[in-house]
Amino acid sequence: MTTTDHTPPLDGATGSALADASLAHPTWEDVVRRIARRSYCVLGTSSPVHRPHSAGVLYAEADGALYISIERDSRKGRNIAANAHVSVNVPIRRLPVGPPATAMYASTAELLPIDDPHILELARDGRITAVTSHGELEHPAGAFVRIAPPQVVHTYGLGLSLLTFIRNPLRAAGRVERP
């Protein structure tokens with residue numbers, strides 16, 4: 001039986017682990033485009049007693065913000081009503097093989113009623129169909145969440161080739177800031 005050393009190689013010049021230097025250099029435009037082309041994310045919220053909660057949700061993107069349909073009294077709804085700080089993690093599959101890349105960020109969320117004028121306008125224009133085409137606008141216990149566009153997005157696996165990502169997963173983290 002052979003054992004494999006999973007220790008990252010050292011950079012001869014500095015002696016530091018190569019994992020400290022990211023190979024990933026995504027652009028803001030690429031990250032925003034990839035988020036807009038998806039419709040599933042993991043939304044993280046926190047209860048009033050700081051108990052974390054995460055759930056997979058469908059979203060629609062419009063003008064950089066994400067819109068999610070929820071039930072007002074769901075755990076997500078109660079948590080957001082008590083604490084507007086949320087996290088978003090969007091898995092981004094590039095090919096049927098290999099690990100998915102991700103875009104992750106922290107932001108603030110706002111609860112909106114189903115008859116909010118902005119929601120109705122976006123729905124009328126067909127911009128949030130992913131979260132309004134199943135009767136969400138007529139759901140009496142429903143609400144919408146608007147997640148503000150992020151200032152910083154942390155990435156994993158974006159901004160580098162798939163081969164480089166697979167060969168160097170410890171150096172696949174990236175970070176982009178809104179220009």
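Annotations
- Amide H contacts of L158: T102, each under 5 Å away and 5 or more positions distant or on a separate chain (H built 1.01 Å from N in the peptide plane; Pro and chain starts excluded).
- Taking Cβ atoms as reference points and 13 Å as the exclusive limit, the residues near G44 contribute a net charge of +3, counting Lys and Arg as +1 and Asp and Glu as -1.
- R0 of 22 Å, Cβ-Cβ distance N83-Q151: FRET efficiency to nearest 0.05: 0.70
- For the range 118-147 versus the range 151-179, the gap between their alpha-carbon centres in whole angstrom: 32
- Between E177 and L162, residue separation times 0.36 nm minus the direct Cα-Cα distance comes to 3.1 nm.
- Å² per residue, accessible surface of the chain at 1.4 Å: 57
- Förster radius 25 Å - calculated FRET efficiency between D116 and R33 (Cβ-Cβ, nearest 0.05): 0.40
- Accessible area per residue was computed with a 1.4 Å probe on protein heavy atoms; V176 scores about 10 Å².
- Cα-based equivalent ellipsoid, the chain: semi-axes from gyration tensor eigenvalues, Å: 36, 18, 15
The values are calculated or read from the model by the stated rules, or taken from the named source; none is laboratory data. What you see is a predicted model, and the numbers here were worked out from it, not measured in a lab. Don't worry about glycine lacking a Cβ; one is built from the backbone with ideal geometry, like all the others, and counts go over all protein chains shown. Note: accessible area is taken over every heavy atom of the protein model, side chains too, but ligands, DNA and RNA are not part of it. Shrake-Rupley method; radii C 1.70, N 1.55, O 1.52, S 1.80 Å.
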